[in-house]
Every structure is written in structure tokens, then in C-alpha cells.
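Data block below; observations after.
The values are calculated or read from the model by the stated rules, or taken from the named source; none is laboratory data. Just so it is clear, the model here is predicted, and its values are computed rather than measured. Every residue, glycine among them, receives a Cβ derived from its backbone with ideal geometry; neighbour counts consider all protein chains shown. Note: areas computed on protein heavy atoms with side chains; ligands, DNA, RNA excluded. Shrake-Rupley method; radii C 1.70, N 1.55, O 1.52, S 1.80 Å.
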Amino acid sequence: MTDPDSGPLPGAPALRHPRYWPSWLAVGLAYALGRLPFPLLWALGQGLGRLGYYMATDRREVARRNLGICLANRTPTQRERILRAHFGWLGVAAVTQGLVWGISRARLKRLVLIRNPEVIDACIAAGRPVIVLVPHFVGLELAGAAFTGLVHAGVYMYQKIRDPVVDRQVKRARRQYGSVSIERSDDLRGLIRVVRSGTPFFYLPDQDGGRRGIFVPFCGVPASTVPSLGRFAALSGALVIPTFARYLPWGRGLELAFDAPLSPFPTGDPAADAALMNRVIEARIHTMPEQYFWVHRRFKTRPPGAPPFYPPKRRRS
């Protein structure tokens, strides 16, 4: 296994080329915003996010369709209210991106409330392997920094960002407290060895699995789901601890909550394991629907013969 973040970053001198100057400007702006007081960031993000509701028409329609599928028990008026609030929280997540770039442990302690830390502290103290199951709620980036800065350095999978300047900055932020990153294409035997050694694995499971996924219910609808969680748990002997990030209202910070480990898990049945994982995520969605990542095409891959849920993407001219 190799850590692409260790040592000098390859290609760094090339990133000084003028074509990357706009990216450096964006990174600098994000970093500067991150130094602002959090309540001010919250207000700014809410305003920009509400503006994004009107501008990001494609994403808005994807989110509206997802809400219609997953919150069918809510009225259209209620779902529309959730949709507007969701874009506000997306704005908060966007403007706080630079907050985690170089954030101190002291500021993390002021901003992040950790609930039920004893759930994971006991596992780490006993040297028990742990998989931290982290669904895509919008506070995920700050939650990751809080976990590695206040709980334990971890290991996570990463996928390169197209812009190399932004990719470099994000990877640097994620390794600032000793975490290790593994590219998705790497040999996963190295990942298993790291988890077995006692390093928690920060695992994000709930995106469309494509044709390599299996179809299990998510909010009552067959959804392509990556069945890797049960396999990772079986190979590493790890407990799976569901972990959830929630921005607190009015810029009061973020809550990072650990739930009891999944049990019984793994069962040896990939479909049963994936379905249990989805049910755990669904249950938490219903407690804070505004903050789940609805703009992702979660149901993009459909069972054979099933009609698509989403309109085709518009081609850029």
C-alpha cells in the first residue's frame, strides 16, 4: 500500500503555471473564509445556498426527485421546504470548506460537539479494529477533521479531484493529524492490514454503486449499493460504528455522533448486510432530512428494464 500524501507532492512546481492561478485564487479565498467566525460563515453559507437553489436547476431537480422517492410520506409543501433548507446547508458546507485547511485542535474543540465518544473510545483502547460508517450528510468534511483531530487518526479512501490544486489542498487537510489515504485503485489488502492494526477506517458507503453494486432497498426503492462493507468487516474483524455529522442551527457548530455498532454484522450475506446498512442510514435521514446529500443521483443505476428516475443531464455547450 502506498500513501500518495507522504513526502513531497509530485508535480508541485508545475502547479505554479499561470493556468492554475484561478485555482490558487479560489483556494486562497476558501482559506480566508475559513478564518471567519463560524456564525458568520453559517449566515453567509445560508444566503449563498438559497441563491444556489434558484441557479442550480439540474441539481435542484435531482434533489426534488430524491425527496419525492425517499420522503414520500411528507406532503409536497413539506418536501419543498426541506429542499430549500437543504440548499442553505449546502451553502454552509461550501463556505466552510476552507475551515478545515489548517484548523487547530483548539478550534475543533470549540466547534464540534462529540456525542457518545465512549462507543469508539472503548474499541480503540482495546485495540479492536473499527470501521467508521459515515453517510453523506453535508457536514462530512468538518466531521472528518474533528474525528482525526479529536478522536483518532484514521485511514480513508480517496478519489482524485480533477483540479490538481484543489486536490492537493484537500489531501493535505485530510492528513494534517496523521491520517492515511488510500486511492480506490490501490491493493485493498494493504487497507485490511492497516485496519487490523487498530487504525479506524473512515468509510463512505451510500452513493450509487453502478453495475458493480447489488440492488437492495433504500427508502423502499431498489438502489444499487456497493456491498463492500460486510466484506471489509469480515476480512478485518472490525466492528462497524455508524457515525453521523449534523450542523447545529444558527452557526453553533457541528455535532458528531457515534451510534452502537451494527449487530449482527457481518452476516455472511452481502445483500442482508447492505440492506441493514441502508436501513441505518434511512433512520437517521428522517431525523435531519435537510442535511442529507440529496443532490446526488442515488438511484441513477436502475434494475434491468426499470425506467430512469432522473431526466438526462444537460450537455454543456
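Given R₀ = 41 Å, what would the calculated FRET efficiency be for S197 paired with T75, taking r from the Cβ atoms and rounding to 0.05? Can you show the working numbers first?
Working: r = 50 Å, r/R0 = 1.22.
Computed FRET efficiency for S197 and T75: 0.25.
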Check: Out of A72, A274, A173, any idea which swings most in a Gaussian network model of the chain, alpha carbons joined below 10 Å?
Finding: A72
Next item on the list: Calculate, for the range 83-133, the solvent-accessible area per residue in square angstrom, rolling a 1.4 angstrom probe over the heavy atoms of the protein chains.
Entry: 41
Checklist line | Computed helical MRE - 222 nm, the chain, DSSP H runs ≥ 4 contributing -39500 (n - 2.57), nearest 500 | finding: -13000 deg cm²/dmol
Next item on the list: Just the number, please: carbon plus sulfur as a percent of the accessible area of the range 130-199, 1.4 Å probe, no ligands or DNA/RNA counted.
Entry: 45
Notebook entry, point to check: Per residue Cα convex hull volume for the range 206-260, in cubic angstrom?
Noted result: 126
Check: Considering the alpha-carbon set of the chain alone, what are its Rg and its Dmax in angstrom?
Finding: 19.6, 57
Note to self: Springs between alpha-carbon pairs under 10 angstrom, Gaussian network model over the chain: which of A106, A93, A85 fluctuates most?
What the structure shows: A106
Notebook entry, point to check: Which three extents, in whole angstrom, do the alpha-carbon atoms of the range 134-183 cover along their principal axes, largest first?
Noted result: 30, 24, 16
Check: So what's the projected area for the range 197-317, the Cα convex hull averaged over all directions, in nm²?
Finding: 10.7
Item checked: ³J(HN,Hα), Karplus 6.51/-1.76/1.60, whole Hz, each residue of the range 136-150, x for Gly, Pro -> 7, 9, 5, x, 4, 5, 5, 5, x, 5, 5, 5, 6, x, 10
Item checked: Cysteines without a disulfide-compatible neighbour (Cβ-Cβ under 4.7 Å), the chain -> C123
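As a test of reading the structure, rank W89, W21, W250, W294 by solvent-accessible area (1.4 Å probe, protein chains only), most first.
These residues rank, largest area first, as W250, W21, W89, W294.
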Next item on the list: Counting only C-alpha contacts under 8 Å and six or more residues apart, can you give the relative contact order of the chain as a whole percent?
Entry: 24
Next item on the list: Would you work out the relative contact order for the range 121-262, in percent, from Cα pairs under 8 angstrom that are 6 or more residues apart?
Entry: 32
Note to self: List the residues, sorted by chain then number, that are 5 or more residues from V155 or on another chain and whose placed amide H is less than 5 Å from its amide H.
What the structure shows: V180, F201, F202
Notebook entry, point to check: Using bins 10 angstrom wide from zero, how does P(r) for the range 73-222 break down, in % of all Cα pairs?
Noted result: 9, 31, 36, 20, 4
Check: List the lysines whose alpha-carbon lies under 30 Å from that of K313, not counting same-chain residues fewer than 8 positions away?
Finding: K160, K171, K300
Notebook entry, point to check: How large is the charge dipole for the range 192-292, taken about the Cα centre, if only the Cβ atoms of Lys, Arg (+1) and Asp, Glu (-1) carry charge, to the nearest 20 debye?
Noted result: 300
Check: Under a 5 Å amide H to amide H cut-off, with H placed in plane at 1.01 Å, what residues pair with F137 once short-range neighbours are removed?
Finding: A245
